[in-house]
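*Asks:* Below: one structure in structure tokens.
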Amino acid sequence: MVTDTQAKDSDLGPETEPAPASLDAWLEASMAGYRGPGILEKCGFGQSNPTFQLSSPSGRYILRRKPFGPLLPKAHAIEREFRVLRALQDSRVPAPKALALCEDPSVLGSAFYVMEFVEGRIFYDQTLPGMSPEERAAIFDGMNQAVADLHQVLPAEVGLADFGRSEGFVARQVATWTRQYRASEGERIEAMERLIEWLPDHLPPEQPGRIFHGDLLINNMVFHPTEPRVIALLDWELSTLGDPLADLGYHVMIWRVPPDLFRGLAGLEKTGILSEEEYLRRYLARTGRTDLPHWNFYLAFGLFRIAAILQGIWSRAQSGQASADDAEEVGRKAGPIAEIGWSIASATRS
């Protein structure tokens, strides 16, 4: 959306500041159509990579940058976000347009990229308060369609054949998230220790590689302003090529989590939200799959992953590198989430 309104310095709030002159200069030289001066406003999301709305005389944009300071290996990979967004521009996947990538930290203090601002609705409360049961069902069906569309894209057809190595993907993911957890762990979480032991011994057979988003939560989707359909999938930091069922397991794990814990949906089916069974039935119909083998493994692994991510958020809060004010509170939910994952794993027959 283009705007001719320019904020004055005296109008800026505590989360708003003029864009550095170095940023304006770089964007005017590197991004077609950009015209400064810009105003940066911190967005209320982005636990990992700080995210800002960039407003200027030429329009509104979204800027995502790496956090300042030391970072975990392979974390905060905004360069990969930018690449996958560019690759999906002409696909059926609702991806916002990626406009410019800057890997020179001298411009803004860390690497960043700019993408289009997509006007729509982001639902931070997955229970969708204020909606009718019919409206909730339609929103969840629209989300289901977006996820199914993503998992049907053949990576080679959009120039992403080398975006990752899908062979041995789940085993590597288990090892990666174990390392990430170990790098940020605090007090011992018994359920995480049990999952770290159980997951490598119950790996599922290989699945054909697809584009793996890695963080398919409803708050990472922009819905049309009035229609129940996704018009932009956000936050591609964890994207790679891999097992689409691992992506789906992470996405669907919230049906096993209580609403008061972490974006959970357990027990809310009577409010119009699709049941896990119905949601998966629609996914199967849309992707042409006939079943979801080893489903409990994928659910347990999804919960393990989110627990490891939450532990990382907690760790950044301890070191003063958190991207959000509630980072410590959010991070402390790693233990309860891991316990749900272990309850699913421990009930699974070998």
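The values are calculated or read from the model by the stated rules, or taken from the named source; none is laboratory data. Just so you know, these numbers come straight off a predicted model, no measurement behind them. With ideal geometry, Cβ positions are generated from the backbone for all residues, glycine too; neighbour counts draw on all protein chains shown.
*Asks:* Checking Arg182 against (1) of a type outside the set (Asp, Glu); (2) surrounded by fewer than 14 Cβ atoms within 10 Å (Cβ to Cβ); (3) closer than 19 Å to Tyr250 by Cβ: exactly one of these is not met. Which one?
*Replies:* That leaves (3) as the condition not met.
*Asks:* Another question about this same structure. Looking only at the stretch 255-269, which residues are touching a helix residue (DSSP H, G or I) at 6+ places or on another chain (Cβ under 8 Å) and at negative phi?
*Replies:* Trp255, Arg256, Val257, Leu261, Phe262, Gly264, Leu265, Ala266, listed by residue number.
*Asks:* Quick one: which of Ser10, Ser48 is modelled with pLDDT under 80, surrounded by 18 or more Cβ atoms within 10 Å (Cβ to Cβ) and at negative phi?
*Replies:* Result of the check over Ser10, Ser48: Ser48.
*Asks:* In addition: For the stretch 117-140, which positions are in contact (Cβ under 8 Å) with a residue 24 or more places away in the chain, surrounded by fewer than 17 Cβ atoms within 10 Å (Cβ to Cβ) and charged (D, E, K, R)?
*Replies:* Glu119, Arg121, Glu134, Glu135 - these are the residues of the stretch 117-140 that are in contact (Cβ under 8 Å) with a residue 24 or more places away in the chain, surrounded by fewer than 17 Cβ atoms within 10 Å (Cβ to Cβ) and charged (D, E, K, R).
*Asks:* Taking the stated definitions as given, is Pro244 out of contact with any helix residue (DSSP H, G or I) (no Cβ under 8 Å at 6 or more places or on another chain) and either in the same structural domain as Asp162 (by TED's automatic domain parsing) or farther than 30 Å from Ala111 by Cα (or both)?
*Replies:* It is false that Pro244 is out of contact with any helix residue (DSSP H, G or I) (no Cβ under 8 Å at 6 or more places or on another chain) and either in the same structural domain as Asp162 (by TED's automatic domain parsing) or farther than 30 Å from Ala111 by Cα (or both).
*Asks:* Six or more apart or on different chains, Cβ atoms under 7 Å: show the pairs whose first residue is in the stretch 61-73 and at positive phi and whose second is modelled with pLDDT of 60 or more and surrounded by fewer than 18 Cβ atoms within 10 Å (Cβ to Cβ).
*Replies:* The qualifying pairs are Gly69/Gln321.
*Asks:* Are there any helices (runs of 4 or more DSSP H) wholly within the stretch 77-168 with 1 or more residues that are modelled with pLDDT of 95 or more and in the same structural domain as Thr271 (by TED's automatic domain parsing), and if so which?
*Replies:* Output list reads 133-152.
*Asks:* Any residue that is at positive phi and modelled with pLDDT under 95 - is there at least one of those in the stretch 13-28?
*Replies:* The answer is no; no qualifying residue exists.
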